[in-house]
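The values are calculated or read from the model by the stated rules, or taken from the named source; none is laboratory data. All of these numbers come straight from a predicted model, not from anything done at the bench. Note that we place each Cβ from the backbone using ideal geometry, even for glycine, and neighbour counts take in every protein chain shown. The accessibility values were calculated without ligands, DNA or RNA, using every heavy atom of the protein model including side chains. Shrake-Rupley method; radii C 1.70, N 1.55, O 1.52, S 1.80 Å.
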Amino acid sequence: MNSTSIAIVSVALVAAGVLAELNLLRVFLREWQENQRQRSKRLSSESRGEAILRDGPSMERRLVAAFAIAPSIGASVAHAQGPASQPPQAATNSTVTTSTESPKAEPAGDPSQDDKSPLSLQLNLDVTNAYFFHGIRQQDHGLIVQPAARLNFNLLEEGDLKVDALVGTWNSFGPNGGSQTSDLVQYWYEADLLAGVVITQDKLSLTTTYTFLTSPSDAYQTVQELDFMLAFDDSALFGKLAIHPYALLGIETNAGGSDGDGTEPGTYLELGIAPGLSFDAGRTPVAITFPTSIGLSLHNYYENAAGDDDTFGFVQVGAKASIPLPVADRWGKWTLNAGISALFLGDTTSSFNGGDDTQLIGTIGAQVNF
């Protein structure tokens, strides 16, 4: 088995293990919620002590079983991990989004109870020919595989106000310039861990995340970044002409920077829109968006070898098509995505790209929401 095959198999095993553990946790929490609801109903007709004595052992057995099985799955997958990674200099060009639907946690027939689970899980697996982070080249040859997972917790929902907490991971596997040579990590270019909060008020949302961008293959030094993204859903105002504008402010908080070792931590600004349309191809609904963005340095984000900061980083224009996959709802909502985009780079970012000021990027992948 060659190195590329090892990388593909390892990524698949890691993704399967993450899915198994998170899905097991989701099932356990749904059972726990249902148990609590049923117990509350019984408490109206019997004493609290009797209910606890009757329900306690059953709940304890489920808890022990869930956490006994999950570590064994995680351990077996961890030992099968192959080479892979992701960059801090150009971190995650691929954005993990949140499912707009919450999984059902309550049986039908009781309208007095809220049937939405506070948890939602999204998994992504993409394959691309190049990986750029904020316009900075990370990987651009060989097979690049990028698995990701994001778990959302609904903390508050009252009227138009909604507050969610999130945790996630994003990874990039493929050939890279890391110094590690063991089969376990030499192709693991980037591994990101992130956590944050999403506050939504009607059509306006603010997402605050803190991300650790690390490289298991030692292709770059760890970068830490605090991001604020403000987005507005203008579809109610403009209908089919909606452009879904957003602004992203990224602040590097540790000694390193995405523009290379030895540079100063910088501040990044991205402005973008994503107009789109939808139609039916036979019986299959198709959604097409046209994401467009510009990346700018507000302070020391695009430094050249002389330490000079270049304000303009890149402009990116593209098209992305999405179709739902015919998978039973009990396995989640699956979507197939394919996209192509063109990057037009500034002076500093083109120097990071070997002097080329344009780059064509194609991506295909799948997404599943629980």
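Brief remarks on what is shown
- Considering only alpha-carbon pairs that sit under 8 angstrom and 6 or more positions apart, the relative contact order computed for segment 220-330 is 20 percent.
- Here the Karplus curve 6.51 cos²θ - 1.76 cosθ + 1.60, taken at θ = phi - 60°, turns the phi angles of segment 140-151 into couplings of 8, 8, x, 7, 10, 10, 10, x, 8, 9, 9, 10 Hz, with x standing for Gly and Pro.
- Based on C-alpha pairs under 8 angstrom that are at least 6 apart in sequence, segment 118-250 has a relative contact order of 16 percent.
- Taking all protein chains together, Ser217, Ser182 sort by accessible area into Ser182, Ser217, largest first [probe 1.4 Å].
- Of Arg137, Arg283, Arg330, the order by accessible heavy-atom surface (1.4 Å probe, DNA, RNA and ligands excluded), from most exposed downward, is Arg283, Arg330, Arg137.
- Pairs beyond 21 Å (Cα-Cα), from Lys203/Lys240; Lys240/Lys333; Lys203/Lys320; Lys116/Lys162; Lys116/Lys333: Lys240/Lys333; Lys203/Lys320
- Whole-number D in µm²/s for segment 300-370 (Stokes-Einstein; Kirkwood sum over Cα pairs; 4 °C, 1.567 mPa s): 88 µm²/s
- Taking amide hydrogens as placed 1.01 Å from N in the peptide plane, the amide H of Thr253 sits under 5 Å from those of Gln224, Glu225, Leu226, each at least 5 positions away in sequence or on another chain.
- Where N is the number of residues in segment 131-253, Cα Rg divided by 2.2 N^0.38 Å: 1.29
- Computed from phi, the 3J(HN,Hα) profile of segment 290-307 under the Karplus parametrisation 6.51, -1.76, 1.60 (θ = phi - 60°) reads 10, x, 9, 8, 10, x, 10, 9, 8, 6, 6, 8, 10, 8, 8, 4, 7, x Hz, with x in place of Gly and Pro.
- Computed on protein heavy atoms with a 1.4 Å probe, the accessible areas place His134, His299 in the order His299, His134, largest first.
- Leu325 long-range amide H proximity, modeled H, under 5 Å: Trp334, Thr335, Leu336
- Evaluated over the Cα positions of segment 206-302, the convex hull gives a direction-averaged projected area, one quarter of its surface, of 8.7 nm².
- Per-peptide packing, taken as the mean over residues of other Cβ atoms within 10 Å, places 242-249, 303-310 in the sequence 242-249, 303-310 from highest down.
- Difference of contour (0.36 nm per residue) and Cα-Cα distance, Ala255 to Lys203: 15.1 nm
- The length gained by stretching the chain between Leu161 and Ala195 to full extension, at 0.36 nm per residue less their Cα-Cα distance, is 10.2 nm.
- Separation in nanometres of the label points that stand 7 Å from Cα toward Cβ, at Lys333 and Leu230: 2.8 nm
- Computed with a 1.4 Å probe over protein heavy atoms only, the accessible area of Ile199 comes to about 80 Å².
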